[in-house]
Amino acid sequence: MARLSTLDRYLPLWIAAAMATGLLLGNVVPGLDEALDAIKIGSVSLPIAIGLLVMMYPVLAKVRYDEARQVTGERKLLVTSIVLNWLAGPALMFALAWIFLADLPEYRTGLIIVGLARCIAMVLIWNDLACGDREAAAVLVVVNSVFQIIAFSALAWFYLQTLPGWLGLETTSAGFSVWTIAAMVLVFLGIPLLAGYLSRTVGERVKGRDWYENRFLPKAGPWALYGLLFTIVALFALQGDTIVGNPLDVARISLPLLAYFVLMFAGSFLAGYRLGFGYEKTTTLAFTAAGNNFELAIAVSIGVFGVTSGQALAGVVGPLIEVPVLVGLVYVALWARRRLYPHEQALSQV
């Protein structure tokens with residue numbers, strides 16, 4: 001901890017302050033939510049879009065893309081990630097939504113949509129803070145992005161209509177645009193991924209790897225957390241009135257979300273450990289499986305059901321729970337490294 005910067009060391013405090021600031025601004029500044037939502041990229045508020053792009057670029061600029069190619073040959077890691085993200089994750093969220101919110105169909109549907117939106121953004125931050133494998137994270141995020149475009153609509157149809165029908169439960173009709181989902185992925189992953197790749201390629205070619213990693217990255221790196229904090233302030237300012245105005249509903253939605261993040265992370269970390277992955281890849285596997293793309297979930301819910309819908313509220317509660325829980329799981333992962341991977345811990349300190 002002593003080796004961390006002040007920004008990194010007190011990250012949970014800064015995140016809590018950012019959430020509180022956003023909620024306060026959203027409730028005391030008249031018309032702020034309309035102003036923040038006035039200009040959009042796709043269906044996402046421009047300030048949030050800017051924050052996401054700023055947040056993701058430094059992490060993707062750190063990736064050694066020549067080494068990332070090696071990860072694509074690790075079939076066991078890729079297959080395990082796909083199974084956890086696209087089979088286990090949606091199924092777990094479906095079960096928790098029906099267990100906790102059987103009498104609240106709008107919130108239940110919103111949670112199921114959150115479970116289908118696999119993480120392509122903030123997971124890179126959590127993985128980096130927990131000393132996971134950056135190259136593996138970049139590859140798994142790209143895999144998630146491709147599957148998101150291909151599978152989101154089909155899985156939504158399955159979990160909202162087909163599976164409930166088989167089980168004799170209430171079904172939900174919804175229309176999802178594959179092109180909207182593709183555009184979200186291309187903008188919020190494609191732009192920073194391309195920028196990160198080009199900056200490393202050009203930087204190393206012109207100045208060398210030593211200059212790039214020891215001079216450029218230390219200056220660019222903090223902007224990932226600045227972007228994260230800005231995104232949280234903007235997101236909670238935009239949705240602050242909705243959150244504060246429905247405290248009991250927020251509490252009910254929070255319970256299955258909390259259970260989901262903890263169970264997915266613990267199960268994925270245990271799977272990585274049992275399969276013999278090292279700490280870095282196990283951590284990357286766990287965070288990429290536990291995180292969700294709440295920006296996409298909110299955008300889809302608003303686009304299909306409306307901005308004031310219960311589905312949209314469930315999407316908004318997602319980051320309210322996900323951000324502090326996954327920050328806490330960063331510390332859990334670092335603790336697990338000392339207990340389960342003492343040899344790797346010792347090597348990292350040499």
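The values are calculated or read from the model by the stated rules, or taken from the named source; none is laboratory data. Computed from a predicted model, the values in this text were never measured in an experiment. Positions of Cβ are generated from backbone atoms using ideal geometry, with glycine treated the same way; all protein chains shown enter the neighbour counts.
State whether the residues of the range 228-249 include one that is closer than 28 Å to residue 84 by Cβ, buried (at least 22 other Cβ atoms within 10 Å of the Cβ) and in contact with a Phe, Trp or Tyr (Cβ under 8 Å, 6 or more places away or on another chain). Looking through the range 228-249, none of the residues is closer than 28 Å to residue 84 by Cβ, buried (at least 22 other Cβ atoms within 10 Å of the Cβ) and in contact with a Phe, Trp or Tyr (Cβ under 8 Å, 6 or more places away or on another chain). In summary, residue 275 fulfils each of the numbered conditions (1) under 19 Å from residue 57 (Cβ atoms); (2) hydrophobic (A, V, I, L, M, F, W, C); (3) loosely packed, with under 14 Cβ neighbours inside 10 Å; (4) in contact with a helix residue (DSSP H, G or I) (Cβ under 7 Å, 6 or more places away or on another chain) with the single exception of condition (1).
Filter the range 88-115 for residues that are surrounded by fewer than 20 Cβ atoms within 10 Å (Cβ to Cβ), assigned to a helix (DSSP H, G or I) and modelled with pLDDT under 95 and give the result. Scanning the range 88-115 gives 105, 106.
All conditions but one from (1) surrounded by fewer than 17 Cβ atoms within 10 Å (Cβ to Cβ); (2) under 16 Å from residue 124 (Cα atoms); (3) not hydrophobic (A, V, I, L, M, F, W, C) apply to residue 284; the one that does not is (1). Here residue 41 qualifies as within 22 Å of residue 237 (Cβ to Cβ), surrounded by 15 or more Cβ atoms within 10 Å (Cβ to Cβ), among the β-branched types (Val, Ile, Thr) and modelled with pLDDT under 75. Kindly check whether there is at least one residue in the range 229-239 that is among the polar types (S, T, N, Q) and over 30 Å from residue 315 (Cβ atoms). Checked the range 229-239: no residue is among the polar types (S, T, N, Q) and over 30 Å from residue 315 (Cβ atoms). Tell me, yes or no, whether the range 55-70 has at least one residue that is in contact with a strand residue (DSSP E or B) (Cβ under 8 Å, 6 or more places away or on another chain), under 18 Å from residue 320 (Cβ atoms), at pLDDT 70 or above and not in a loop (DSSP other than H, G, I, E, B). No, the range 55-70 contains no residue that is in contact with a strand residue (DSSP E or B) (Cβ under 8 Å, 6 or more places away or on another chain), under 18 Å from residue 320 (Cβ atoms), at pLDDT 70 or above and not in a loop (DSSP other than H, G, I, E, B).
Any residue that is assigned to a helix (DSSP H, G or I), on the phi < 0 side of the Ramachandran plot and modelled with pLDDT under 85 - is there at least one of those in the range 278-295? There is at least one residue in the range 278-295 that is assigned to a helix (DSSP H, G or I), on the phi < 0 side of the Ramachandran plot and modelled with pLDDT under 85.
With the condition kept exactly as written, say whether any residue in the range 313-326 is buried (at least 21 other Cβ atoms within 10 Å of the Cβ), of a type in the set (Gly, Ala, Ser) and either in contact with a Gly (Cβ under 6 Å, 6 or more places away or on another chain) or at pLDDT below 80 (or both). The answer is yes; a qualifying residue exists. Pairs meeting the criteria (first residue in the range 328-342 and without any contact (Cβ under 8 Å) to a residue 40 or more places away in the chain, second residue assigned to a helix (DSSP H, G or I), beta carbons under 8 Å, at least 6 apart or on different chains) are 338/345. Within the bounds of the range 171-179, is there any residue that is modelled with pLDDT of 85 or more, under 30 Å from residue 107 (Cβ atoms) and more than 20 Å from the chain's Cα centre (by Cα)? Yes, because at least one residue in the range 171-179 is modelled with pLDDT of 85 or more, under 30 Å from residue 107 (Cβ atoms) and more than 20 Å from the chain's Cα centre (by Cα).
Name, by its number, the condition in (1) over 16 Å from the mean Cα position of the chain (by Cα); (2) modelled with pLDDT of 75 or more; (3) not aromatic (Phe, Trp, Tyr) that does not hold for residue 132. Unmet condition: (1).
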